[in-house]
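Trainee: Please find one structure pasted underneath; my questions will follow.
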Amino acid sequence: MTTEHAEPTETSDEFRLPRSRLANERLHALIPGGAHTYAKGDDQYPENLAPVISHGRGAHVWDVDGNRYVEYGSGLRSVSLGHAHPRVTEAVRRQLDRGSNFVRPSVLEVEAAERFLATVPTAEMVKFAKNGSDVTTAAVRLARAVTGRPRVAICADHPFYSVDDWFIGTTPMNAGVPAATTELTVAFPYGDLAATEELLTRYEDEVACLVLEPATLTEPPPGYLAGLRELADRHGCVLIFDEMITGFRWSEAGAQGLYGVVPDLSTFGKALGNGFAVSALAGRRDLMERGGLRHSHDRVFLLSTTHGAETHSLAAAMAVQTVYTEEGVTARLHALGERLAAGVREAAASMGVGDHVVVRGRASNLVFATLGEDLRPSQPYRTLFLRRLLTGGVLAPSFVVSSALTDADIEHTVDAVAQACAVYRKALDAGDPTPWLAGRPVKPVFRRLA
Ligand SMILES: Cc1ncc(COP(=O)(O)O)c(C=O)c1O
């Protein structure tokens with residue numbers, strides 16, 4: 001079973017990952033959380049069934065046990081073109097021999113800026129960094145600086161904006177964040193303009209910015225984003241769109257390009273580098289310039305990181321944008337997602353669990369919910385479902401597609417889902433999934449206790 005390139009075919013609990021298990025132990029011995037990113041932790045996978053990856057190509061990854069999986073949500077949704085995409089790796093390779101970081105800006109910095117602003121023409125200036133968190137935090141600082149106001153209003157219905165205190169303080173995992181910092185972050189619900197207006201009125205002249213993903217699982221209600229635009233203008237605060245996920249999955253020009261509502265600032269990352277580390281803060285010239293030298297106000301320490309302009313990551317970003325625009329990648333992501341969603345829904349319905357295994361979200365960014373007998377989200381049922389997908393050769397914490405998926409990959413996934421749903425039905429009939437879990441249930445990332 002552990003031969004290189006073998007696909008796991010077993011559907012029983014015989015499926016084991018001995019090398020991954022050992023590697024997970026070593027990971028935990030040396031790295032807090034057993035991974036450098038919490039969202040990759042083995043706590044979110046069935047017990048003893050958390051593959052440790054050896055390598056990937058296209059939409060496939062291989063674990064250290066030699067099993068091949070069709071992978072979804074690759075690189076926390078960053079690898080939207082598939083692993084080792086030839087046009088991206090070629091662009092990166094070209095830079096590797098030319099040096100990656102100099103004492104003065106590389107000409108690539110301006111070329112990458114020009115490329116980005118051509119892709120997202122609603123922005124007037126851009127500054128690059130490495131992580132999404134760098135740029136959302138920079139947007140918040142800039143908003144505070146230009147408005148002179150202390151509070152940050154975040155959309156409470158979106159799961160993540162930054163690893164920095166202004167956001168982490170609002171999560172259940174807020175140890176180490178001073179209450180005084182968290183108090184400055186207030187929340188508004190998605191899609192509810194009246195509630196947001198009430199918040200802005202309650203904290204009149206105190207809110208520096210509204211931060212939200214322009215869309216996530218649901219489409220914005222008609223007029224919502226335009227209404228937020230108008231509210232931000234009327235209350236004198238900065239409108240920030242976090243386009244980390246929507247960036248290129250909604251349209252090549254981001255969600256702002258799709259919905260036609262222009263934020264003051266927006267932040268990109270993830271798909272921008274197809275797995276290489278690059279993020280972008282983009283927006284209105286008059287605001288962005290405050291992080292520059294051509295004004296007479298107090299200077300804003302906007303973004304300045306040692307590795308922010310690493311040449312091969314900028315080269316990767318340029319190649320990604322070229323692939324997206326030349327090859328119509330966003331449309332392909334939607335088509336693949338639609339095929340997958342239809343197949344999963346049909347498989348779930350045919351196994352009698354159509355109300356329990358539920359696919360949600362935009363086709364280019366699908367997630368699934370696993371509901372228990374009471375139709376409420378269930379971690380035990382998620383565990384059962386993930387186990388069966390893994391044993392069927394599908395590594396899918398979500399159904400977020402990459403453009404590297406083939407029709408055969410989608411078929412393979414739908415077959416694995418159908419088999420998982422058959423077991424799901426048995427568990428529902430038994431009224432208890434425990435016998436099918438072979439260990440503890442999976443856990444969510446954000447929780448107070450380990
Ligand atoms: C919507 C959103 N914003 C910001 C971030 C932070 O990006 P990064 O992990 O690159 O710091 C994430 C990461 O998952 C995200 O999903």
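The values are calculated or read from the model by the stated rules, or taken from the named source; none is laboratory data. Nothing here was measured: the structure is a model prediction, and the numbers come from that model. FYI the Cβ positions are ideal-geometry reconstructions off the backbone, even for glycines, and counts take in every protein chain you see. Surface accessibility is based on the protein's heavy atoms, side chains included, excluding ligands, DNA and RNA. Shrake-Rupley method; radii C 1.70, N 1.55, O 1.52, S 1.80 Å.
Trainee: Hey, what angle do you get for helix 132-147 against the long axis of the chain, alpha-carbon based, 0 to 90 degrees rounded to 10?
Mentor: Helix 132-147 sits roughly 30 degrees off the main axis of the chain.
Trainee: While we're here: Obtain the nm distance between the two label points defined at residue 171 and residue 429 by a simple spin-label model: each point lies 7 Å from its Cα along the Cα-to-C-beta direction.
Mentor: 4.0
Trainee: While we're looking at this one, here's another question. Rounded to the nearest 0.05, what FRET efficiency is calculated for residue 285 and residue 355 with R0 set to 60 Å and r the Cβ-Cβ distance?
Mentor: 0.75
Trainee: In addition: When the Karplus curve 6.51 cos²θ - 1.76 cosθ + 1.60 is applied with θ = phi - 60°, which whole-Hz ³J(HN,Hα) does each residue of the stretch 287-294 get, with x for Gly and Pro?
Mentor: Karplus values, whole Hz, x for Gly and Pro: 6, 4, 4, 5, x, x, 10, 9.
Trainee: With a probe of 1.4 Å, find how much accessible area the stretch 95-183 has per residue, and write the answer as a whole number in Å².
Mentor: Ligands and nucleic acids excluded, the figure is 49 Å² per residue.
Trainee: Now, a different point. For the stretch 294-450, what D do you get in µm² per second when you plug the Kirkwood radius from alpha-carbon pairs into Stokes-Einstein at 10 °C and 1.306 mPa s?
Mentor: 87
Trainee: What residues have an amide H closer than 5 Å to that of residue 81, excluding those fewer than 5 places away on the same chain, when H is modeled at 1.01 Å from N in the peptide plane?
Mentor: HN-HN under 5 Å from residue 81: 403.
Trainee: For the stretch 227-327, count all C-alpha to C-alpha pairs, find those more than 17 Å apart, and express that count as a whole percent of the total.
Mentor: Here the long-distance tail beyond 17 Å is 60 percent of all Cα pairs in the stretch 227-327.
Trainee: With a 1.4 Å probe and every protein chain left in place, work out the accessible area per residue of the stretch 254-399 in Å², rounded to a whole number.
Mentor: Result: 38 Å² per residue.
Trainee: Within the accessible area of the chain, what % is carbon and sulfur when the probe is 1.4 Å and the other protein chains stay in place?
Mentor: The nonpolar share, carbon plus sulfur, comes to 53 percent.
Trainee: Do me a favour and compute the ellipsoid semi-axes for the chain from its Cα gyration tensor, root of five times each eigenvalue, largest one first, whole Å.
Mentor: Rounded to whole Å, the semi-axes are 37, 26, 21.
Trainee: Tabulate in residue order the Karplus-calculated ³J(HN,Hα) for the stretch 230-239, using 6.51 cos²θ - 1.76 cosθ + 1.60 with θ = phi - 60°, rounded to whole Hz; enter x for Gly and Pro.
Mentor: Per residue, the Karplus-derived 3J(HN,Hα) values read 5, 5, 4, 5, 5, 9, x, 10, 8, 8 Hz.
Trainee: If a paramagnetic tag sat 7 Å from the Cα of residue 39 along the Cα-Cβ line, which residues of the stretch 62-87 would have the backbone N under 15 Å from that point?
Mentor: Counting only backbone N, you get 72-81.
Trainee: Let me ask you something else. Given contacts defined as C-alpha pairs under 8 Å and at least six residues apart, what's the relative contact order of the chain, whole-number percent?
Mentor: 22
Trainee: Using packing as a proxy for protection, rank 350-363, 32-45, 416-429 so that the peptide with the highest average count of other Cβ atoms within 10 Å comes first.
Mentor: Ranking, from highest mean packing down: 416-429, 350-363, 32-45.
Trainee: Rule-of-thumb check for the stretch 20-141: C-alpha Rg over 2.2 N^0.38 Å?
Mentor: Relative to the 2.2 N^0.38 Å estimate, the stretch 20-141 comes out at 1.35.
Trainee: A further question follows. Hey, what's the per residue convex hull volume over the C-alpha atoms of the stretch 101-309, in cubic angstrom?
Mentor: Value for the stretch 101-309: 128 Å³ per residue.
Trainee: Whole-Hz Karplus ³J(HN,Hα) for the stretch 365-371, in order, using 6.51 cos²θ - 1.76 cosθ + 1.60 and θ = phi - 60°, x for Gly and Pro?
Mentor: 8, 7, 10, 10, 10, 10, 9
Trainee: On full extension of the chain, what length is gained from residue 192 through residue 226, given 0.36 nm per residue of separation minus the C-alpha to C-alpha distance?
Mentor: Gain on extension, residue 192 to residue 226, equals 11.0 nm.
Trainee: Which three lengths, in whole Å and largest first, does the stretch 70-146 cover when its Cα atoms are put on their principal axes?
Mentor: Between the extreme Cα coordinates on each principal axis of the stretch 70-146 lie 44, 34, 24 Å.
Trainee: Still on this structure: Rounded to the nearest 500, what is the 222 nm mean residue ellipticity of the chain from helices alone, with -39500 (n - 2.57) per DSSP H run of 4+ residues and division by all residues?
Mentor: -12000 deg cm²/dmol
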